[in-house]
1. How many residues are in contact (Cβ under 8 Å) with a residue 24 or more places away in the chain and over 17 Å from B:Gln6 (Cα atoms) when one looks only at segment B:31-61?
2. Quick one: how many residues across segment A:71-111 are within 14 Å of chain B (Cβ to nearest Cβ), in a loop (DSSP other than H, G, I, E, B) and within 15 Å of the chain's Cα centre (by Cα)?
3. So A:Asp28 clears everything in (1) modelled with pLDDT of 95 or more; (2) touching an Asp or Glu at 6+ places or on another chain (Cβ under 8 Å) except one condition, right? Which one?
4. Residue under question is A:Glu62, and the condition is that it be more than 14 Å from chain B (Cβ to nearest Cβ), out of contact with any strand residue (DSSP E or B) (no Cβ under 8 Å at 6 or more places or on another chain), charged (D, E, K, R) and loosely packed, with under 13 Cβ neighbours inside 10 Å; does it hold?
5. Given the condition buried (at least 19 other Cβ atoms within 10 Å of the Cβ) and not in a strand (DSSP E or B), answer yes or no: does some residue in segment B:48-65 qualify?
6. What's the total number of residues in segment A:4-43 that are surrounded by fewer than 16 Cβ atoms within 10 Å (Cβ to Cβ), within 12 Å of chain B (Cβ to nearest Cβ) and in contact with a strand residue (DSSP E or B) (Cβ under 7 Å, 6 or more places away or on another chain)?
7. Scan segment B:76-113 residue by residue and report those that are among the hydroxyl-bearing types (Ser, Thr, Tyr) and farther than 30 Å from A:Ser49 by Cα.
8. Can you find even one residue in segment B:89-97 that is touching a residue at least 12 places away in the same chain (Cβ under 8 Å), in a strand (DSSP E or B) and not β-branched (Val, Ile, Thr)?
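The values are calculated or read from the model by the stated rules, or taken from the named source; none is laboratory data. All values derive from a computational prediction rather than experimental measurement. Quick reminder, even Gly has a Cβ in these numbers, built from the backbone with ideal geometry, and neighbours come from all protein chains shown.
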Amino acid sequence: DVKVTQSSRYLVKRTGEKVFLECVQDMDHENMFWYRQDPGLGLRLIYFSYDVKMKEKGDIPEGYSVSREKKERFSLILESASTNQTSMYLCASSSGSQSYTFGSGTRLTVV
Amino acid sequence: KNQVEQSPQSLIILEGKNCTLQCNYTVSPFSNLRWYKQDTGRGPVSLTIMTFSENTKSNGRYTATLDADTKQSSLHITASQLSDSASYICVVTLRDSNYQLIWGAGTKLIIKP
């Protein structure tokens, strides 16, 4: 069964902390994505990567960075967490035009 | 502006009844339209994907339609079950891009016993 695994389901961090969200896929997909999802809004793309060490800004990259050192792993980094980054974070992967496969999400609360 | 709008925002129906969810989009150039189901606290799961030339696609009790002329899509759920309670999200992909997806805000569907 193909999978996208996010390392944490729930996370509580303090303002100013550096936060790492990890995502691993086992489908050998070249494309990986980080989204955030807030109530009443569609998913918003933060960053995506179409190859190892490649990254592209999405619609809302401010306050975030990413790392893709290996094909199967895509990390989202909050350099200095702020309360407005409290959200559900979803990682996804895809190959070509195939449908995306999502992880279960990480609900991050910044206090 | 590329947008996807879904209606209704939320819907409550009795178990066993049918329902139809709507999606209107103003995305151009259009590549494909996808419907996702998202259970509470989980990531979205793909239900259907339709290209410009397809006007209907089924996945079990779920049937999606697409009218590319009017830029409308619907998702029809037949004989609803309690497990259908979820958010249903319509997503449109820009042509020549595997990355540029325009997401609707979703319809929250609640099935009551």
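1. Selection size over segment B:31-61: 3.
2. Total meeting the criteria: 4.
3. The number of the failed condition is (1).
4. yes
5. no
6. Matching residues across segment A:4-43 total 4.
7. Our first condition is that a residue be among the hydroxyl-bearing types (Ser, Thr, Tyr); within segment B:76-113, this holds for B:78, B:80, B:83, B:85, B:87-88, B:93, B:97, B:99, B:107.
The answer is B:Thr78, B:Ser80, B:Ser83, B:Ser85.
8. To start, the set of residues in segment B:89-97 that are touching a residue at least 12 places away in the same chain (Cβ under 8 Å) comprises B:89-97.
Narrowing further to those that are in a strand (DSSP E or B): B:89-94.
Keeping just the survivors that are not β-branched (Val, Ile, Thr) gives B:90, B:94.
Yes; the residues of segment B:89-97 include at least one that is touching a residue at least 12 places away in the same chain (Cβ under 8 Å), in a strand (DSSP E or B) and not β-branched (Val, Ile, Thr).
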